[in-house]
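Each remark here refers to the structure printed beneath this line.
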Amino acid sequence: MKIVHAASELYPYVKTGGLADAVGSLTATLADKGHDVSVFVPGYRAALEHKEVARAEQRLGLRVEMGDRIYSGDVRVLPVRKGLTVYFIGREEFFDRRLPYGNGERDYEDNDARFVFFCKAVVEVMRMAEIRADVVHGHDWQAALLPLLVRYEERRSGVALAMKTVFTIHNIAFQGLFPMRSFALTNLPDELLGIDGFEYYGQINLLKGGILFSDRVMTVSPQYAREIQTPEFGCGLEGVVGTRAEDLAGLLNGIDTKIWNPARDRLLPARYAAHDLTGKSICRAALLKNHGMDEGYRGPVFGMVCRLTQQKGLDLLLAAKDFFVQQDCRLIVLGTGEKKFETALQELARAYPKKIALSSRYDEEMSHLIEAGSDFFLMPSHFEPCGLNQMYSQAYGTVPVVTRVGGFVDTVTDIDEGPEDGTGIVCQPQEADFTRALHRAIQLYRQQESMVAVIKRGMARDFGWQKAAAAYEQLYQDTI
Ligand code: ADP
Ligand code: GLC
């Protein structure tokens, strides 16, 4: 099949979260299976500075109409390997910035123009390069216009560009909301502005358009597919999602076992597998030392790597601070995000430097060391469409402590509920239950035999992409 993907992040070129990993490994797995895959991503500064991309020789010039202006663009074409080509849609004015979505404090004011341009440019490249796809697959609000734009271009030109369009919601909390007047940038007819179209409480909602105007709507776990049809998790779009219930499915993301595999991980000071965990102890010592803590410490180490936001349950973590201060344990956090969370954690780390540490930066190598060197991995999210770190954790022999939401429900079995197959500790996203879960972790840690059994069960689980990629193939092939 000829498959086109478009997303605002793609590992290894640009990543702020799991979207990059998910799109990176899904597209690579599809290419490995013999499909012809083209992936489109904005040519952000960070992506263009990536060493592989800097070497890309082929460039395409393009022109895109937005409103009553013509915008030029510059596309780098990177033939990654057989069956996999990445197109970086460049335009300095829009993408030559330090960060993809905002300046660290606020979203960029021109995100409407930036991502309308991105979607239109994808269609334009497909037209120019004569890409006739079996499937055009967009991810999240930044690529939500693509399915509809493809159909409008087909109507205009009389040339078929895609047999089928698919749209995946990775996080329904991010919707791409803009003032009504931004719609003019799309050059789509005003009749699409109504309540059955992009209109959402007096604004336009790009995610809503993606949900309404794609042949199939996907999300990243079966549980999240159910949740987003409820007011509790639908973020106001539960009704819209409900109208597509028949075309909606949740397919669990996989993990890239070439990158996230403790037996082969070159970012670690030592490698290990389930039959011999010596390397894990070496990683643990390195992790503690790296954070100025006693490397011979014998109690439990709790690790956490995430965007420091409300979604990720930073409020719950901070509410449990007495636990970390009073109990014999260590807490090591890596992440950046909202200032209030960063400051509160920083203060805690300053007050208890031998017990608590925060590294507020993006650091791929450290994220691997925390996965490998911790005993428990904390994910007290209020909602979690899929979540990747709980799967990385199980692969790395680190027991995840998660909430009973979204992808966690599909990937972690609680040790008390499944004495034979439990791989983690599951709690409600509430202060008291989270603190109880932390105490359960300490208890488990004290029973070394049970702890090792839980670790081994986690390491034996298969979270690879093969299953999900096969399901996507099936979805692409099914007639609508
Ligand atoms: P989300 O996409 O909602 O942020 P996921 O669990 O799907 O959550 O994926 C987050 C990914 O981003 C993981 O691979 C995680 O390790 C990585 N990550 C988050 N923050 C950092 C950081 N500060 N440094 C390195 N990796 C990070
Ligand atoms: C989103 C979600 C996360 C998911 C990721 C990849 O960022 O917040 O739960 O794992 O997308 O699909």
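One table, with the values for the structure above:
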read-out	value
Residues of segment 31-41 that turn out to be in contact with a helix residue (DSSP H, G or I) (Cβ under 7 Å, 6 or more places away or on another chain) and assigned to a strand (DSSP E or B), as a count	4
Boolean, Glu371 is within 16 Å of ligand 2 (Cβ to nearest atom), part of a loop (DSSP other than H, G, I, E, B), among the charged types (D, E, K, R) and in contact with a helix residue (DSSP H, G or I) (Cβ under 6 Å, 6 or more places away or on another chain)	no
Count - residues of segment 346-364 that are within 8 Å of ligand 1 (Cβ to nearest atom) and part of a helix (DSSP H, G or I)	1
Matching residues, segment 219-260, being in a loop (DSSP other than H, G, I, E, B), among the acidic types (Asp, Glu) and surrounded by 15 or more Cβ atoms within 10 Å (Cβ to Cβ)	Asp256
Unmet criterion (only one of (1) in contact (Cβ under 8 Å) with a residue 40 or more places away in the chain; (2) part of a loop (DSSP other than H, G, I, E, B)) for Leu207	(2)
Single condition Gly292 does not satisfy, out of (1) away from ligand 2 (no atom under 16 Å from the Cβ); (2) in contact with a strand residue (DSSP E or B) (Cβ under 8 Å, 6 or more places away or on another chain); (3) not assigned by TED's automatic domain parsing to the domain that holds Pro353	(3)
Pick from segment 42-52, criterion outside any loop (DSSP other than H, G, I, E, B) and surrounded by fewer than 24 Cβ atoms within 10 Å (Cβ to Cβ), ranking: farthest from ligand 2 (Cβ to nearest atom)	Lys51
Qualifying position, being within 19 Å of Gly313 (Cβ to Cβ) and surrounded by fewer than 24 Cβ atoms within 10 Å (Cβ to Cβ), among Thr336, Thr403, Thr398	Thr336
Condition broken by Pro385, with the remaining ones in (1) away from ligand 2 (no atom under 16 Å from the Cβ); (2) under 22 Å from the mean Cα position of the chain (by Cα) satisfied	(1)
Residues located in segment 454-472, provided they are more than 14 Å from Met391 (Cβ to Cβ) and crowded, with 17+ Cβ neighbours inside 10 Å	Val454, Ile455, Ala469, Tyr472
Checklist (1) within 21 Å of the chain's Cα centre (by Cα); (2) over 19 Å from Arg404 (Cα atoms); (3) basic (Lys, Arg) applied to Arg244, failing item	(1)
Helices (runs of 4 or more DSSP H) wholly inside segment 269-330 that include at least 3 residues being buried (at least 21 other Cβ atoms within 10 Å of the Cβ)	278-290, 314-319
Meets criteria (at pLDDT 95 or above and within 11 Å of ligand 1 (Cβ to nearest atom)) for Ser367	yes
Close pairs from segment 294-313: first over 27 Å from Ser281 (Cα atoms), partner in a strand (DSSP E or B) and within 14 Å of ligand 2 (Cβ to nearest atom), Cβ under 6 Å, at least 6 apart	Leu308/Gly337; Thr309/Gly337
In segment 413-436, the residues that are in contact with a Pro (Cβ under 8 Å, 6 or more places away or on another chain) and farther than 28 Å from Ala273 by Cβ	Cys427, Pro429, Phe434
Residue selected from segment 378-407 under the condition within 10 Å of ligand 1 (Cβ to nearest atom) and aromatic (Phe, Trp, Tyr), by the criterion farthest from Trp260 (Cα to Cα)	Phe383
Subset of segment 407-442 (residues that are without any contact (Cβ under 8 Å) to a residue 24 or more places away in the chain and over 21 Å from Lys456 (Cβ atoms))	Ala432, Asp433, Arg436
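This table checks each residue for (1) more than 16 Å from ligand 2 (Cβ to nearest atom); (2) more than 15 Å from Ala437 (Cα to Cα); (3) in the same structural domain as Thr398 (by TED's automatic domain parsing).
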| position | (1), (2), (3) |
| --- | --- |
| Val301 | yes, no, yes |
| Phe323 | yes, no, yes |
| Glu338 | no, yes, yes |
| Ala344 | yes, yes, yes |
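For every residue, the table says whether it meets (1) of a type outside the set (Val, Ile, Thr); (2) surrounded by fewer than 16 Cβ atoms within 10 Å (Cβ to Cβ); (3) under 20 Å from the mean Cα position of the chain (by Cα).
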{"site": "Ala7", "(1), (2), (3)": "yes, no, yes"}
{"site": "Thr29", "(1), (2), (3)": "no, no, yes"}
{"site": "Phe40", "(1), (2), (3)": "yes, no, yes"}
{"site": "Arg63", "(1), (2), (3)": "yes, yes, no"}
{"site": "Val75", "(1), (2), (3)": "no, no, no"}
{"site": "Leu78", "(1), (2), (3)": "yes, no, no"}
{"site": "Ile89", "(1), (2), (3)": "no, no, no"}
{"site": "Gly102", "(1), (2), (3)": "yes, yes, yes"}
{"site": "Asp107", "(1), (2), (3)": "yes, yes, yes"}
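The values are calculated or read from the model by the stated rules, or taken from the named source; none is laboratory data. Since we're looking at a predicted model, the values are computed, not measured. No Cβ is skipped: glycine too gets one built from the backbone with ideal geometry, and neighbour counts run over all protein chains shown.
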